[in-house]
1. Could you run through the range 33-92 and say how many residues are assigned to a loop (DSSP other than H, G, I, E, B) and under 30 Å from residue 145 (Cα atoms)?
2. Filter the range 77-98 down to the residues that are buried (at least 19 other Cβ atoms within 10 Å of the Cβ) and farther than 20 Å from residue 64 by Cβ and list them by number.
3. May I ask you to verify whether residue 56 is modelled with pLDDT of 95 or more, touching a helix residue (DSSP H, G or I) at 6+ places or on another chain (Cβ under 9 Å), exposed (fewer than 14 other Cβ atoms within 10 Å of the Cβ) and over 14 Å from residue 122 (Cβ atoms)?
4. What are the residues in the range 131-156 that are part of a loop (DSSP other than H, G, I, E, B) and at pLDDT below 90, if any?
5. Within the group 179, 162, which residue is at pLDDT 95 or above and not assigned by TED's automatic domain parsing to the domain that holds residue 36?
6. Of the residues 102, 24, 33, only one is farther than 25 Å from residue 139 by Cβ and out of contact with any helix residue (DSSP H, G or I) (no Cβ under 8 Å at 6 or more places or on another chain); which?
7. Among (1) modelled with pLDDT under 95; (2) in contact with a strand residue (DSSP E or B) (Cβ under 9 Å, 6 or more places away or on another chain); (3) more than 29 Å from residue 171 (Cβ to Cβ), where does residue 111 come up short?
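The values are calculated or read from the model by the stated rules, or taken from the named source; none is laboratory data. Small disclaimer: the values here were computed from a predicted structure and weren't measured. Cβ: placed from backbone, ideal geometry, glycine included. Neighbour counts: every protein chain shown.
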């Protein structure tokens, strides 16, 4: 390690040093397959880097549906802006779920998922994971974006009544008496832009 650091400072080439010691997980992907990742990313998910190389991202998501849904959301933003970010629930090798901030940039804007680079920041210290169903996470996320029940229903393709049922469950889980209290719960655990389904 000392040689890597001294070599970087002597040559002025910090690329490898940045990749190896970045405080966030870094991943290079091709069609949602991990081509390479830095040690921080592997450690975050409790894997050895060699276990992740050339593997699909799918096992890092709580469900297959979330893996698919986030692709659709990310693809749309990447085509438009060539960059993407969200906060989502991911899954460690141990099965533990945790909040993660994800940012991405595509090298192939016309087919943005084909080749991209991503950063992952573990939010566990500032945003504890509360056991919510996938749909509760989606509703919670959209509440955090300031959407009304009607807007949430349209966005998720469910009835207004179903949204109200999920909202009621969230109020109980977060011991909030109204939507303002629920929103405060979101803010208090670091809520900003939260992915309704969790990647790329």
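1. In the first step, residues of the range 33-92 are kept if they are assigned to a loop (DSSP other than H, G, I, E, B); the result is 38, 45-48, 53-54, 57, 61-63, 82, 92.
Then keep just the ones that are under 30 Å from residue 145 (Cα atoms); that gives 45, 57, 61-63, 82, 92.
The qualifying residues number 7.
2. 78, 84, 87 - these are the residues of the range 77-98 that are buried (at least 19 other Cβ atoms within 10 Å of the Cβ) and farther than 20 Å from residue 64 by Cβ.
3. On the way: modelled with pLDDT of 95 or more: yes; touching a helix residue (DSSP H, G or I) at 6+ places or on another chain (Cβ under 9 Å): yes; exposed (fewer than 14 other Cβ atoms within 10 Å of the Cβ): no; over 14 Å from residue 122 (Cβ atoms): yes.
The answer is no for residue 56.
4. In the first step, residues of the range 131-156 are kept if they are part of a loop (DSSP other than H, G, I, E, B); the result is 131-133, 145-148.
The answer is 131, 132, 133, 145, 146, 147.
5. On the way: 179 fails: at pLDDT 95 or above.
The conditions single out 162.
6. Working: 102 fails: farther than 25 Å from residue 139 by Cβ; 24 fails: out of contact with any helix residue (DSSP H, G or I) (no Cβ under 8 Å at 6 or more places or on another chain).
When all the criteria are applied, what remains is 33.
7. Only one criterion is unmet by residue 111, namely (2).
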